[in-house]
1. Can you work out ³J(HN,Hα) from phi for every residue in segment 112-128, in order, using Karplus 6.51 cos²θ - 1.76 cosθ + 1.60 and θ = phi - 60°, giving whole Hz and x for Gly and Pro?
2. Quick one: Karplus J couplings for segment 165-180, per residue in order, coefficients 6.51, -1.76, 1.60, θ = phi - 60°, nearest Hz, x for Gly and Pro?
3. Counting alpha carbon pairs within less than 8 Å and at least 6 residues apart, what relative contact order, in whole percent, applies to the chain?
4. For the chain, what is one quarter of the convex hull surface built on the Cα atoms, given in nm²?
5. Would you be so kind as to identify which of 354, 538, 599 lies farthest towards the positive end of the dipole of the chain, taking Lys and Arg as +1 and Asp and Glu as -1 on Cβ and the Cα centre as origin?
6. Can you grab the distance from the C-alpha centre of segment 288-321 to the C-alpha centre of segment 62-138, Å, no decimals?
7. Residue 495 to residue 649: FRET efficiency via 1/(1 + (r/R0)^6), r the Cβ-Cβ distance, R0 45 Å, to the nearest 0.05?
8. Taking the beta-carbon count within 10 Å as an exposure proxy, list 361, 401 from fewest neighbours to most.
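What follows is calculated from the coordinates using simple rules that are stated; it is not laboratory data. These figures come from a predicted structure and were not determined experimentally. Because the Cβ atoms are built from the backbone with ideal geometry, glycine has one as well, and the counts that use them run over all protein chains shown.
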Amino acid sequence: MPVISYAPDAGVWLLSTPRTSYALRTDTTGAPCHLAWGPRLTLEEAQELAAPQAPPASSFEGRSPVGEELPVDGGARYGTPSLQVRFADGTRAFEWQPAGHRVHEPEPGSQELALEFSDRHYPLTVTLHYRVYADSDVIERWTRLRNTGNDPLVLLRADSAAWTLPSREDYRLSHVTGQWSAESQLRREQLPFGETVLTSRRGITSHHANPWVMLDAGDATEEHGQVWSAALAWSGGWRVTVQRTPDGRACFTGGAGHDGASLTLGPGEQFLTPVHAGLHSEGGFGAASRAWHAYTLAHVLPHPDETQPVLYNSWEATGFDVDAAGQKALAARAAKLGVELYVMDDGWFGGRRSERAGLGDWTASRDRFPEGLSPLVAEVHRLGMRFGLWVEPEMVNPDSDLYREHPDWVLHFPHRTRTELRSQLVLNFARRDVAEWAYGWLTRLVGEHGIDFLKWDMNRAFSEAGWPERHGDADQVGTAYVRNLYEVIDRLRADHPALRIETCSGGGGRVDLGILSRTDQAWTSDNTDASDRVAIQHGYSQIYPARTMAAWVTDVPNQLTGRSVPLRFRFHVAMAGVLGIGGDLTRWSDAELAEGAELVAEYKRVRPLVQHGVMHRPRGPVDDGPAAVQYTSPDRSEALLLVWQRGPRHGSPRTPLRLAGLDPRARYRDTRTGTVHSANVLTGYGILPELPPGDWASTAVHLIRVP
Ligand code: DGJ
């Protein structure tokens, strides 16, 4: 059971998770200060860390920028503020005044601490929330700000939480960068002194960065060492600022919104930040990833116990050229391959013949589906598959009936260009009428056709993100947009409990713990080149579990990269996540269809390990040698090792791959070769799985414990 304990004399709070402790106190100025985040401590031990603060060494220093639970803009503080307020009379400095605390149990197995504060003079209350779980070392934090006065105030910055690391001689930062079709590229570099800003100004989580960080002392490896990490549950613009100070400390603060966006808080209004979840772990980056995966399954995803079906998606096969006959032909072949969910992608509605027209007109095109969608849905169901449909509810093409009727519904500023990207504009989901309209047609569409699955896409970044009718609130758009988006999805799910949703934003542009708490899986990337995909999946797996990572097998030469790799390699890469097929099955040869069906069947045998098991990364995609990922069942009775060798160089060393997480006393049989291996040999010395010669060789080793 998680424990939140308090030493009233010292004013020290201790939050205990199964393997870690987090301690804080309120200092003599009333400010909430950090004490510890790391290995377990007792309450007495935590108090030892509560030494009185040394006075600043000079009149130029002020308070240390590191070490507060939510550094404010106020007093002699010169670091990045997590909270920056402008009151009605222009005053900006916030002064902490403790106002009580509450501890409660929101549900069995978790506890929550709420620390309440107000400003010493102005009518603003700040509540810091902490939630701990019995089965996870992840600590959730968020902040509630309430205007208790009669005048509006402006939040210039309102982060969810600031996180402080213990002093170390060096620090290293891990995070991902990227772009469309190259998401989740893992970067691991020494943390520079000063402020490092990771952000999205695009209105979505973005392909370019993802709101998580991992810090270590420069000494962690995949399987060893302390790692401090955090992830933000937010699907709009965001900012995480990591600071390393000259006195050898490090911290980071994160929240919704990017620089320069402020929020007006009217009298009586409150602002609730998204959750910023943090984790201290031992056991290297691998253990950190495993803890995030377990937390996502236990406390984020809506249906974690379900096994995700093998899906087929028509996009790469047809582009916008969809019609009833073509879809039925693909569906028939998909069913034979063993597909369980058939998804019709873009092009089925209104005047949508290319990316230039039709978005917003969400009725099936009469010329392509003369009898509507129902006959296709019925046929897919008759073939024994579920039916999924692509939608992009937040967008409109200027060439659409919707835009002709409601040109004011898009994000825009008066007298400014409405910049089009992919020939589309962003509907202002912050508007109630727009959100209601989207909810209305979506719930009708799903209900009337018996749709089982939606691929919810979002294909451009924001620009000119204004709302002219509410000019005072222009900066509020980003936050209100995301909240309404969440609400529409939540209502839709409530109306249709069997509906499952895939989050997509031109691939992985909107993957985060916020959207994952209301969707079932994510379209990882529009890049389906299996070779490129190895690195994308590696970055994705740092935080997000395989159970959410949709991966398709598509045709060669790959539409994006022109690269051709064997069907087996494409399957083996996609089998590391939620397997899907995205090729033009009408062009697959009988031999390819037979091999595909065999590999789909193989995936179905091992997918409980992939989707519900524990992941290890015996070797990352660090060079042109093999990369490998291992999934082990929670009871350690089975393991799957996927190995991908991209372009080997003659003479480059091949090091055995050491497995992990097996039952140490057991022996495991390789289901393909029949060879029996001792767990101690597999983990202590490793194996060299046999790979065919040449580029793009791959294998899947399925091991079952010998009774
Ligand atoms: C972007 C998605 O990522 C693709 O898979 C596809 O659905 C297209 N949009 C359709 O426009």
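1. Rounded to whole hertz, the list is 9, 10, 10, 9, 9, 9, 9, 6, 4, 10, 8, x, 9, 9, 10, 10, 9.
2. After applying 6.51 cos²θ - 1.76 cosθ + 1.60, I find 9, x, 5, 9, 6, 8, 9, 10, 10, 10, 6, 10, 10, x, 6, 4 Hz.
3. Relative CO of the chain lands at 10 percent.
4. Over all viewing directions, the chain projects a mean Cα-hull area of 32.3 nm².
5. Looking along the dipole axis, the top candidate is 599.
6. Distance between centres, Cα-based: 35 Å.
7. Computed FRET efficiency for residue 495 and residue 649 comes out at 0.20.
8. Final ranking by Cβ density, sparse to dense: 401, 361.
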